[in-house]
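To keep things clear, I will list the structure first and then write my remarks on it.
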Amino acid sequence: MPPAFVVIAEFKLKEGARAAFLELARDDAAHSVADEPGCRQFDVTVAEDDPDRIVLYEVYDDRAAFEAHLETPHLARFRAGFPALAEPLPVRFLSRHHP
């Protein structure tokens, strides 16, 4: 099996934005897994040492599947909504070498 394409996107929440950001991120995650055949996994996580740091862990079949994700309506909703709620940190791209 070829390596999976992994995306780690991190955000620093603005004060009082936790619930709204998590709702927006969960919507993106749920639709990604349900509606995108190339999305294997999409986890919304909270850093244990900093509850205002949210980490999105996304696994796609390949970069092309991720590129298709970039064109989806649910990501458009997330992109429109998150700037009022959080500051993005640099996105990391990795390859996963196990199933």
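Looking only at region 23-47, count how many residues are in contact with a strand residue (DSSP E or B) (Cβ under 7 Å, 6 or more places away or on another chain) and closer than 22 Å to His98 by Cα.
11
Limited to region 39-63, what total is found for residues that are under 12 Å from Val6 (Cα atoms) and not β-branched (Val, Ile, Thr)?
Selection size over region 39-63: 12.
Looking only at region 69-89, which residues are farther than 23 Å from Arg40 by Cβ, of a type in the set (A, V, I, L, M, F, W, C) and free of Cβ contacts under 8 Å to residues at least 24 places away in the same chain?
Ala80
Return the residues of region 36-89 that are touching a Gly at 6+ places or on another chain (Cβ under 8 Å), loosely packed, with under 15 Cβ neighbours inside 10 Å and acidic (Asp, Glu); say none if nothing qualifies.
Listed by number, the list holds a single entry, Asp62.
Among what's in region 21-35 and is of a type outside the set (Gly, Ala, Ser) and without any contact (Cβ under 8 Å) to a residue 12 or more places away in the chain, pick the residue that is surrounded by the most Cβ atoms within 10 Å (Cβ to Cβ).
Val33
Given the conditions (1) surrounded by 11 or more Cβ atoms within 10 Å (Cβ to Cβ); (2) free of Cβ contacts under 8 Å to residues at least 40 places away in the same chain; (3) within 14 Å of the chain's Cα centre (by Cα), and given that Arg18 satisfies all but one, which numbered condition is not satisfied?
(3)
A short reminder: the numbers here are calculations on the coordinates, not readings from a lab. This is a predicted model, so every value here is computed, not measured. Ideal geometry is used to build each Cβ from the backbone, glycine not excepted, and the neighbour counts take in all protein chains shown.
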